[in-house]
Every structure is written in structure tokens, then in C-alpha cells.
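In what follows, a single structure is set out as C-alpha cells and then discussed.
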Amino acid sequence: MSTVAILGAGDIGGALARQLAAIDLVSRIVIIDDLANVAAGKALDVAQSSPVDRYHTTMVGTADVASVVGAAAVVIADTAAQPVAEWKDEGGLALIRRIAGLNQAAPIICAGSAQASLVERGVNELGVSRLRLFGSAPEGLRSAVMAIVALEANASPTDVSLSVLGRAPNQIIVPWDEAAIAGRCATQVLSAAQLARLDARIARLWPPAPYTLASAAVRILRTALSHTPRIHTALVAVARDEGLPGRSAMMPVTLQASGIAALVPPAMSARDRVRFETTMRA
């Protein structure tokens, strides 16, 4: 029986649990939050909708972090305490330390938009593999960029293919030379003025809203756990040949059940490569 553990019963955690349950990807989802009654209530709410939407995922709500033992994947979301907040800083780092000790195999996915430091510090200070600890929020940003590109090109978002690199919110790079719209290079479809207008808008797309963050995490989980050969954008701690060791950056990746299978170096122009290297040293 495959299980996904979600740390946090806040807006992101609740939306994530609902979306993940609805696709029947795993047999069991555990929502873990210090407010056990809130976690149990959200689990019950999702479970009660299963006969309507015809999915069979078992839902559990608890305050016991030890429930991550044996999980196929662990997602760090946001707490249900008021005000609702993403897990981050020292509390988030302590949580990663505990999770990594309780479950030494499952990928740990940071679903929030303010968790870059958790990825960096988890890899650098705790020694968690960068292939196992990474963030999914950039996939939500990538989807938003695809949506505005589609509007600019009068196309469907499903016709758009692109990568997103760098560090949010003000150091985001879209390599337009490798982006495609309906099979054509984006630079052939869009004018220089249109591309400049898109570049100016991208920073305002960050941070993604809770439902988008939840959708991005579910997309990452589905690809990883179903062994689908698909490229996504994740927040990873980069290695020496990609930038400064341990700094987190948005990069294209392929996935497997244990986490990141490989980083996919994008085709960057000389200008974009200089921008990326400058970003990683900023």
C-alpha cells in the first residue's frame, strides 16, 4: 500500500490532499499537523467526497510525525495554525531533520513558495541528498508563464513548451531560444517587443497561490511515482558545475520514485548563460 505524507493541514496541504486523492495515484494519504483535529477534519472532508468523485484513496489526519515512516513520498506544506504559514526557517529545518531520520528513502518535496532556504540548508547543513530534497513551486511558476505566453501568442497553453531557470522572484530566466509554441521556436512566433513584455511580467507571477502550489506538487508526485518520462521544473541545490554549490535554483529535471533522476541542462544562449551564472553569484 503506497502512502504520501503531507506535513501541514493549511491551505496548500488541504488542496494538495484533495487533488492527490482525486487522481487515485496512491492508496493512502496522511495529513500531519500539530492541530490534529484540523488534520483529521480535512482528511474526513476529502474522504467523504470520494463516493461523489469515485476515487478510493484512504485519508488519515494526525499530529504524529512518525507517520512518515514507510511513506513513498513526503510533502512539506503549510501549518493549520493561525496565521497559516509555510514550514520554513528553524522549525522547517528541524522538521526535515526528523523526517530524514524517520524515513531514509522517500523524496522530501517542499511545496511552498518560501522554502528555498529549507532546500539549501537541508542539503548543506543536514546532508540530505539534493536528489531527494527539492521544491515543486517552480513548476507552478512554469505553468503560469506558459499561460501568459499562450495569451500573447493567441494559442493554447498546451501548445507551449518552455523552461524556467534562476531564482524567484527577481532573477527568473526563460530561455526563449529553446521555447516552442505549437512546434515553432518562440522567437519566430513572438516579436522582440512581445518577448520583452513577457520578461517584464514574469516576476509578478511569483509567488503562486496555494491551489497552484498544490497542483504543482501533485504534478511532480504523479510523474515521480508513476515513472513517467516527463521533464518538470524543480527547485534544487545546484552542484559546482552548475553554479555555486548548495545555492538553490530553478532547473529542469526528470524524476523517479526516489526523487530527482537527473538535471536536464537547458539550451541557453550566451546571454542567458551569463545571466544565470550572475544570478547564482548574486
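Here are some notes:
- Residues of region 171-209 with amide N under 13 Å of the 7 Å Cα→Cβ point at SER269: 174-179, 186-197, 199
- Simple spin-label estimate for GLN82 and SER191 gives 5.2 nm between the two label positions (7 Å along the Cα-to-Cβ direction from each Cα).
- Averaged per residue, the chain has 43 square angstrom of accessible surface, using a 1.4 angstrom probe with ligands and nucleic acids left out.
- Cα shape, region 58-204, gyration tensor, a/c 1.5 rule: prolate
- Backbone phi angles across region 170-180, fed through the Karplus curve with coefficients 6.51, -1.76 and 1.60 (θ = phi - 60°), yield HN-Hα couplings of 9, 10, 9, 10, 10, x, 5, 5, 9, 6, 9 Hz in residue order; Gly and Pro are listed as x.
- Among 116-125, 70-79, the order from most to least packed when residues are scored by Cβ within 10 Å on average: 70-79, 116-125
- Rounded to whole Hz, the Karplus (6.51, -1.76, 1.60) HN-Hα couplings of region 253-261, x for glycine and proline: 9, 10, 10, 9, 4, 8, x, 6, 7
- Fluctuation leader among PRO208, PRO175, PRO265 - the chain, Gaussian network, Cα springs under 10 angstrom: PRO265
- The chain: angle of helix 137-153 to the longest principal axis, Cα-based, in degrees nearest 10: 40 degrees
- Relative contact order for the chain: 18 percent, from Cα pairs under 8 Å spaced at least 6 residues apart, divided by residue count.
- A cut-off of 5 Å between modelled amide H atoms, ignoring neighbours fewer than 5 places along the same chain, links SER163 with no other residue.
- The residues neighbouring VAL84, those whose beta-carbon lies less than 14 Å from its own, together hold a net charge of -3 under the Lys/Arg +1, Asp/Glu -1 convention.
- For the chain, size of Cβ-based charge dipole, Lys and Arg +1, Asp and Glu -1, in debye: 420 debye
- Among ARG18, ARG247, ARG201, the largest mean-square fluctuation in a Gaussian network model of the chain, built with springs joining Cα atoms closer than 10 Å, belongs to ARG201.
- Each peptide in 11-17, 141-147 gets a packing score, the mean of other Cβ atoms within 10 Å over its residues, and the list from highest to lowest is 11-17, 141-147.
- Summed over all non-identical Cα pairs, the Kirkwood treatment of region 4-122 gives a radius of 14.0 Å.
- Residue by residue, region 74-84 carries 3J(HN,Hα) couplings of 10, 10, 9, 10, 9, 7, 8, 5, 8, x, 4 Hz when phi is fed to the Karplus relation 6.51 cos²θ - 1.76 cosθ + 1.60 (θ = phi - 60°); x denotes Gly or Pro.
- The value of relative contact order for region 25-182, using C-alpha pairs under 8 Å at least six residues apart, is 15 percent.
- CD proxy at 222 nm, helix term only [per DSSP H run n ≥ 4: -39500 (n - 2.57); per residue of the chain; nearest 500]: -12000 deg cm²/dmol
The values are calculated or read from the model by the stated rules, or taken from the named source; none is laboratory data. A quick note: this is a predicted structure, and the numbers were derived from the prediction, not measured. Every residue, glycine among them, receives a Cβ derived from its backbone with ideal geometry; neighbour counts consider all protein chains shown. The area values use the complete protein model at the heavy-atom level, side chains included, leaving out ligands, DNA and RNA. Shrake-Rupley method; radii C 1.70, N 1.55, O 1.52, S 1.80 Å.
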